[in-house]
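Here's the structure we're looking at; comments come further down.
What follows draws every value from the coordinates through simple rules; no lab data is involved. Computed from a predicted model, the values in this text were never measured in an experiment. All Cβ positions, even for glycine, are placed from backbone atoms using ideal geometry, and neighbour counts span all protein chains on display.
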Amino acid sequence: MLTSDGSQRPNGHTQSKTACGSSQRQLIAVGCFLIGALTQGVVSATSTHGSIGFDLPSIAIAHPAPSRENASNDPTTECITLAMDVSVFLPGQAADCVDHLIVRCIPRDTRWQVLDYTPKTETTSDFAAPIEHKQLEESTKSGGVSADLSYAQLASGHLGAEQGDKQSATVTFQRHAPVQAHITSGTFQRRSGVYFKLRRSAQHILEGERRFDLVYSIPAGMRGGLIDVQVLAIGLGSSRSPWDGMSLIADKSGRGRHTSLHEDHFVVAVAKADDAEAQRLASQLAATEQHLRERSQQAVTEDLAKPSLSQLYRHVAARLDWRADHDRREDGFQSINESDDWVDRLVHGSADPYTDRAIAKLPVDVRVEALRYCDLRRQLSEIRAPAKEVLALRGEVAPPFDE
């Protein structure tokens, strides 16, 4: 458009497009700034404890329980004992921030019942011996009479009397030193699961490997099974959500509050010591799970290598992790049913490989591997001893037509 002096003036449409483009760039810049501000605290809070690690073997070998622990006389059940070796790695400041650990073992089959477990509840004290207390009581009484006599200058005399009484008593007794529990353990879910809580003290550390022995009563003839193991680190630390400071339940005293610093879920395959077939299924199940996790991590790496706006949104949402705090149960553990990781949902039995949307988008070979994992899990859970062996465990004899 030409002006009165012959120069060209930009039309309104061009100005509108320029203003619109400038506004979009400003909004993007403000958005990036807010994203950086929100995630900075989250990254700094999680980087301190992000390298906490838990580990345990993926297979547990079950042995027949000793006769002294076989308190059940039910011929339809048998007793097994197995060990869970949990390793804890607390690097850097995490060793000072973690106050206690919680380990929970829950069998998939609700027919499994806990008969015994170790370690049991134990207490400790910062004092090496009982506290000795002394009380000293002392009382003194004294009295005296004195008189001087004189008779002119011929004679003089002095008469005096004094009496004293002193009593002292010492009372000594010992008091028990104050104690605190550094290990607490017990059962839950009607003795189907067992938990262990380990606290840090001046004489006990949390880092390292610790063994937990479990004795279960299982249906006679069962050769394998699965146990879910959850490990949680609790301590004083910053929350992962930047809005917790505005929460009505936040600690306003400035001393911090106990929160979940790290949590891991494991699935342990159980097989009897004298059962080669069950051990083979357990080994294949563990290898398949490891392969699925490797493929999932590879897909995430390839996905991040192709940056996009949607990827940025998902990355920011994962960093903020609001649902991790809102979906956490009262006992501190996070529900795995709504996990964004399809492998976790598949391994813990909350995802159907035929209907899950995330699994349906995977490559064909990965979907086949997921189906194979579910098949191995079913075989290990349902594998049973022959009828003759079950009858032998019950002390019965097979009828002639079973020959």
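Give the distance, in whole Å, between the Cα centre of region 81-127 and the Cα centre of region 269-300.
Taking the Cα centre of region 269-300 as reference, the centre of region 81-127 is 24 Å away.
Using the number of other C-beta atoms within 10 angstrom as an exposure proxy, rank H348, H258 with the fewest first. All intermediate terms of the calculation are to be shown ahead of the outcome.
Values: H348 18, H258 13.
Final ranking by Cβ density, sparse to dense: H258, H348.
Using mean Cβ contacts within 10 Å as the protection proxy, how do 205-213, 112-120 order, highest first?
Details: 205-213: 14.0, 112-120: 17.4.
By packing density, highest mean first, the sequence is 112-120, 205-213.
Evaluate E = 1/(1 + (r/R0)^6) for H291 and R111, where r is the Cβ-Cβ distance and R0 equals 25 Å; express this FRET efficiency to the nearest 0.05. Intermediate results must be reported in sequence, preceding the final value.
Details: r = 30 Å, r/R0 = 1.22.
Working from the Cβ atoms, E equals 0.25.
Please turn the phi angles of region 267-272 into ³J(HN,Hα) values with the Karplus equation 6.51 cos²θ - 1.76 cosθ + 1.60 (θ = phi - 60°), one per residue in order, whole Hz, x for glycine and proline.
In residue order, the calculated couplings are 10, 10, 8, 10, 9, 6 Hz.
Given 0.36 nm per residue, what is the gain on full extension from E132 to Y354 after removing their alpha carbon distance, in nm? Mind dumping the intermediate values first?
Details: separation 222, 0.36 × 222 = 79.92 nm, distance 7.01 nm.
Working it through step by step, the gained length comes to 72.9 nm.
Obtain the nm distance between the two label points defined at D55 and Q284 by a simple spin-label model: each point lies 7 Å from its Cα along the Cα-to-C-beta direction.
Calculated label separation equals 2.7 nm.
What's the FRET efficiency of L371 with R257 using the Cβ-Cβ distance as r and R₀ = 45 Å, to the nearest 0.05?
On the way: r = 44 Å, r/R0 = 0.98.
Once the sixth-power term is evaluated, E becomes 0.55.
Under a Cβ-Cβ cut-off of 12 Å, what is the net charge of the residues other than H291 that fall near it, where Lys and Arg count +1 and Asp and Glu count -1? Write out the running numbers ahead of the final one.
Values: positive: R293, R295, R372; negative: E289, E294, D365, E369.
Net local charge, H291 excluded: -1.
Give me the one-decimal nm value for the distance between modelled label points at T124 and A276, 7 Å along each residue's Cα-to-Cβ direction.
With each label placed 7 Å out from Cα toward Cβ, I get 4.5 nm.
Among 287-298, 265-276, how do they line up by average Cβ neighbours within 10 Å per residue, starting with the highest? Walk me through the numbers before you get to the answer.
Numbers: 287-298: 15.1, 265-276: 19.1.
For the peptides 287-298, 265-276, the packing ranking is 265-276, 287-298.
If I model a spin label as a point 7 Å beyond the Cα along the Cα-Cβ vector, how far apart are those points for R378 and A177 in nm?
5.9
Once amide H atoms are placed 1.01 Å from N in the peptide plane, what residues at a sequence separation of 5 or more from L226, or on another chain, have their amide H within under 5 Å of its amide H?
Here the answer is R108, D109, V270, since their amide H atoms fall under 5 Å of that of L226.
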